[in-house]
1. Could we say that Asp82 is near the ligand (Cβ under 9 Å from one of its atoms), within 12 Å of Ile151 (Cβ to Cβ) and surrounded by 17 or more Cβ atoms within 10 Å (Cβ to Cβ) here?
2. Given the criteria farther than 21 Å from Leu130 by Cα, in a strand (DSSP E or B) and polar (S, T, N, Q), does Thr214 qualify?
3. Residues being touching a residue at least 12 places away in the same chain (Cβ under 8 Å) and in contact with a helix residue (DSSP H, G or I) (Cβ under 9 Å, 6 or more places away or on another chain): count how many of those fall in the range 164-183.
4. Of everything in the range 25-44 that's surrounded by fewer than 14 Cβ atoms within 10 Å (Cβ to Cβ) and either within 16 Å of Glu96 (Cβ to Cβ) or of a type in the set (Lys, Arg) (or both), which residue is farthest from the ligand (Cβ to nearest atom)?
5. Among the residues of the range 187-200, is any of a type in the set (A, V, I, L, M, F, W, C), buried (at least 17 other Cβ atoms within 10 Å of the Cβ), closer than 29 Å to Val48 by Cα and in contact with a strand residue (DSSP E or B) (Cβ under 9 Å, 6 or more places away or on another chain)?
6. It is to be established whether one or more residues within the range 110-126 are under 19 Å from the mean Cα position of the chain (by Cα), buried (at least 18 other Cβ atoms within 10 Å of the Cβ) and without any contact (Cβ under 8 Å) to a residue 60 or more places away in the chain.
7. Looking only at the range 45-79, count how many residues are farther than 23 Å from Cys136 by Cα, within 16 Å of the ligand (Cβ to nearest atom) and hydrophobic (A, V, I, L, M, F, W, C).
8. Need the failing condition index for Gln153 against (1) within 16 Å of the ligand (Cβ to nearest atom); (2) closer than 22 Å to Ser265 by Cβ; (3) in a helix (DSSP H, G or I), just the number.
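Every read-out reported here was derived from the displayed coordinates using simple, explicitly stated rules and does not represent laboratory data. Every value quoted in this text rests on a predicted model; they were computed, and no experiment measured them. For neighbour counting, all protein chains shown are included, and Cβ atoms are generated from backbone atoms with ideal geometry for every residue, glycine included.
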Amino acid sequence: MSYLDVKTVDVKMTTGDLMAIDFHSESNRLTYAGREAGDDWARAIRSVVSPEGGRVVDVGCGGGVYCKAWLGLGAASVVGVDFSAAMLSAAREYCEGLRGVTFRHAGAYDTGLPDAAADIVFERALIHHLDDLGACFREARRLLAPGGTLIVQDRTIEDVTRPGTPSHLRGYFFERFPELLETERARRPAGAAVEAAMREAGFRAVRTLELAETRREYAGVEEVRADLLARTGRSILHELNDAQLEDLAAYVCGRLDAAAPVRESDHWTLWVASV
Ligand SMILES: C[S@@+](CC[C@H](N)C(=O)[O-])C[C@H]1O[C@@H](n2cnc3c(N)ncnc32)[C@H](O)[C@@H]1O
């Protein structure tokens, strides 16, 4: 078995039928595809780095949403790296016709790309799926040219456990199924541990920022329900069986104004580190 076949998360099951997401399954290939990155994400990125003309490596690129977004910010090239052939096939479709984007089937610990090949390494929603942050950041350090920047975007347990509101739908997940917090506590990195692992890997000037990123705007609750039932873009929903998921969708939709549009926003932490 190669490292590409190895699942990186050892998610603890909390009840008999709970399952972790299988990134390699064809049935999940569109889970992280088809969305557009929002203006709030672009503003946050521009506040920490100048993307114009840069060479970006997007590790754990999923469906390629942020490969396209980096080009939109003016990057000269983007290499999307992912260990899942299924995700990469969706990313290729999503980025078809875009000049400057290529993809590489490889793991986060060993991308196979040359030394100093990047000005920016970007890792969004990747590190909570890894069991060796040090190996991931050493590889990012190797990829970065002098003056380069590592940007890690992920959620700490504090980000995840913000209360449910009509804009922070994830909070409702844990209100309805508190046992999902066990999974989150086991996999969410502590902010200080991420910083320490970056410094140990040779990064300096590590800083953190908060980001509220618009995830999606829905015309109404039926769109929210359909999105939840499809388990789109949220690996935590793969911990629920179908009956639990339907229960959750009804619970969340019951918290929303049936007649109003919904603007969903997720809370993130950005760790920004320089070489
Ligand atoms: C939650 S998704 C995020 C996708 C994308 N970055 C985004 O934000 O839309 C995590 C992605 O990381 C990939 N991944 C997980 N572990 C990986 C590893 N060890 N090496 C490379 N990719 C990995 C998965 O296949 C998946 O596409």
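1. For Asp82, the condition - near the ligand (Cβ under 9 Å from one of its atoms), within 12 Å of Ile151 (Cβ to Cβ) and surrounded by 17 or more Cβ atoms within 10 Å (Cβ to Cβ) - is not met.
2. Considered against the rule, which asks whether it is farther than 21 Å from Leu130 by Cα, in a strand (DSSP E or B) and polar (S, T, N, Q), Thr214 comes out as yes.
3. Qualifying residue count, the range 164-183: 13.
4. That would be Arg43.
5. yes
6. So far as the range 110-126 goes, yes, one or more of its residues are under 19 Å from the mean Cα position of the chain (by Cα), buried (at least 18 other Cβ atoms within 10 Å of the Cβ) and without any contact (Cβ under 8 Å) to a residue 60 or more places away in the chain.
7. Counting residues in the range 45-79 that are farther than 23 Å from Cys136 by Cα, within 16 Å of the ligand (Cβ to nearest atom) and hydrophobic (A, V, I, L, M, F, W, C) gives 2.
8. (3)
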